[in-house]
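Colleague: Quick one: this structure, given as C-alpha cells, is what I'll be asking you about.
Where a number appears in this text, it was derived from the coordinates with a stated rule and is not lab data. What you see is a predicted model; the values in this text were computed from it and never measured. Positions of Cβ are generated from backbone atoms using ideal geometry, with glycine treated the same way; all protein chains shown enter the neighbour counts.
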C-alpha cells in the first residue's frame with residue numbers, strides 16, 4: 001500500500017477566509033455566528049447562521065466560468081486556490097500531470113429554486129440558461145473545478161450528508177494507497193443562503209438563542225437547544241508520499257486511518273454503536289491503539305441527541321485514556337457538507353501550531369459529556385496523532401486519523 005500525505009490546504013469559512021485568519025480564530029475561540037435578516041423576512045424560526053462573505057471572482061475567473069459556479073462552488077474555488085498555492089502547485093504543473101478531484105457536496109438549493117422561479121414567471125424554459133444545469137447538479141463543484149484547473153484524474157462528488165467532506169478525503173486516500181492516483185484535490189462545500197436551510201428550520205433543528213448569536217452553538221453543553229447552520233468550503237491536497245518527496249513538497253501530515261460505518265437504523269437519529277465502529281475501524285486501519293491518539297475533533301453539532309450519542313461512543317473507545325476532545329462547531333456552527341473537510345483543516349492547523357482549540361460555550365457538560373476530557377479553553381499541546389469524526393443523516397459515519405510527519 002502507498003502512503004498518503006497532505007501537502008496543501010485551503011479554507012473559506014465564517015471564522016476566516018484564509019488559513020491565517022482561521023488559525024487566529026481557532027486560537028482565540030472566536031465565533032463566526034450572526035443573524036441573517038433574510039431568514040427573518042422569509043419566515044425562519046431561527047435567523048442564526050455562520051456569516052460567510054461572498055467572494056468577488058471577477059478578476060480571477062472569466063464570465064463563463066463565473067456563470068457556471070453556484071455559491072458553494074465559489075467558496076470551493078477560493079479554498080482550492082489557496083490549497084494549490086499552499087502546496088506549490090500551479091497551472092503549469094496541473095496541465096502536465098494527472099490530478100484528480102473528489103469533493104463533498106449534498107445540495108445546490110438556490111440554483112434549483114431560482115431556475116424554477118424563472119419558469120413560473122416567464123413560462124419559458126429557454127430563459128433559464130445553462131447556469132440552471134451547471135449550478136444545480138450535486139456534482140457542480142467537481143464539474144466546475146475540474147474544468148477550471150484542467151484536472152484529468154478521478155472526478156466525482158461524494159454526497160453523504162454531513163460526512164461528505166470527510167468521506168471525500170477517506171476515499172481519496174484509498175485511491176492513492178492503491179496506486180491509482182498520485183495526487184487528488186479533496187474537500188467539501190456548503191451553501192449558506194437562506195433558501196438552503198428552511199426545511200431544517202421547519203423541523204426546529206436550529207438554536208433560537210437569538211439574543212446571543214455567538215453563544216448559540218454549544219456542543220456538549222447541557223443548555224444547548226439546537227445547532228446553528230453554517231458553510232463555506234475547505235480543500236486539502238492529497239499526495240502519494242514518494243511523489244510528494246520527489247516534488248520537494250512540504251508535508252503537513254499523513255492520512256494513516258480511515259474508518260466508516262452505517263448505522264442502518266433511523267434516518268435522522270445517530271447511533272453510538274455506528275460512531276464507535278467508525279472510530280475503531282480508523283484505529284485498525286492505522287494500526288494504532290486508542291492511547292496513541294493525542295486529540296479528537298468531535299463531530300458534535302450542539303444537538304441533544306447527536307452530542308450525547310457521540311459522547312457515549314467516544315467514552316466507549318477512549319474513555320479510559322481521557323483523550324482530549326473539543327468540537328470546533330462552537331465557533332463555526334455546523335458547516336454540514338463541508339464540515340468533514342474543514343475540521344480536518346482545523347485539526348491540521350492545530351497540529352502545525354501545537355494547540356488544541358477550545359470547545360467554546362461549554363458551561364455545564366450534560367451527563368454523557370461529563371465523562372469526557374473536553375477542552376473548554378485553548379490549550380498548548382504538541383499534537384502528533386489526531387482523529388476527526390463526521391456523522392450524517394442516513395446513518396453515514398466517517399473517522400479520519402492524521403499523523404504529523
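Colleague: First measure r as the distance between the Cβ atoms of residue 93 and residue 380, then evaluate 1/(1 + (r/R0)^6) with R0 = 25 Å and state the FRET efficiency to the nearest 0.05.
Modeller: E(calc), rounded to 0.05, equals 0.10.
Colleague: May I ask you to derive the relative contact order of region 258-404, considering only C-alpha pairs under 8 Å and at least 6 residues apart, and to give it as an integer percent?
Modeller: 37
Colleague: Over the chain, what lengths in whole Å, largest first, do the semi-axes of the equivalent ellipsoid take, defined as the square roots of 5 times the eigenvalues of the alpha-carbon gyration tensor?
Modeller: Each semi-axis is the square root of five times an eigenvalue, giving 30, 28, 18 Å.
Colleague: Using alpha carbon coordinates only, what is the Rg to Rh ratio of region 355-405, with Rh defined as the Kirkwood radius?
Modeller: For region 355-405, the value is 1.03.
Colleague: I want to verify a result. In a Gaussian network model of the chain, Cα cutoff 10 Å, which of these has the top mean-square fluctuation: 26, 61, 102?
Modeller: 61
Colleague: Among 367, 36, 225, which one shows the biggest mean-square fluctuation in a GNM of the chain, springs joining Cα atoms closer than 10 Å?
Modeller: 367
Colleague: Another one. So what's the gap between the Cα centers of region 162-179 and region 348-405, to the nearest angstrom?
Modeller: First find each Cα centre; the distance between them is then 20 Å.
Colleague: Using Cβ counts within 10 Å as a stand-in for footprinting exposure, how do 52, 304, 185 rank, fewest first?
Modeller: 304, 52, 185
Colleague: Sticking with this structure for a sec: Could you work out which residue, out of 117, 242, 191, moves most in a Gaussian network model of the chain, that is, has the largest mean-square fluctuation with Cα springs under 10 Å?
Modeller: Top of the fluctuation ranking is 117.
Colleague: Let a ≥ b ≥ c be the square roots of the eigenvalues of the Cα gyration tensor of region 258-404; is it rounded (a/c under 1.5), or, if not, prolate (a/b larger than b/c) or oblate?
Modeller: rounded
Colleague: Can you say what percent of the DSSP beta bridges in region 258-404, counting only those with both residues inside, are antiparallel? Round to 5.
Modeller: 70
Colleague: Which values, in whole Å and largest first, are the semi-axes of the equivalent ellipsoid of region 109-161 obtained as the square root of 5 times each eigenvalue of the Cα gyration tensor?
Modeller: 27, 13, 6
Colleague: Between Rg and the Kirkwood Rh of region 1-111, both from Cα atoms, what is the Rg to Rh ratio?
Modeller: Reported Rg/Rh, Kirkwood definition of Rh: 1.02.
Colleague: So what is the calculated 222 nm ellipticity per residue for the chain, using -39500 (n - 2.57) for each DSSP H run with n of 4 or more, over all residues, to the nearest 500 deg cm²/dmol?
Modeller: So the calculated ellipticity at 222 nm is -10500 deg cm²/dmol.
Colleague: Roughly how many whole Å is it from the C-alpha centroid of region 246-279 to that of region 1-67?
Modeller: Their Cα centres are 23 Å away from one another.
Colleague: While we're on this one: Quick check on region 120-225: take the gyration tensor over C-alpha atoms, sort the square-rooted eigenvalues as a ≥ b ≥ c, and tell me if it's rounded (a/c under 1.5), prolate or oblate.
Modeller: oblate
Colleague: Taking every DSSP beta bridge with both residues inside the chain, roughly what % is antiparallel (nearest 5)?
Modeller: Roughly 70 percent of the beta bridges in the chain run antiparallel, per DSSP.
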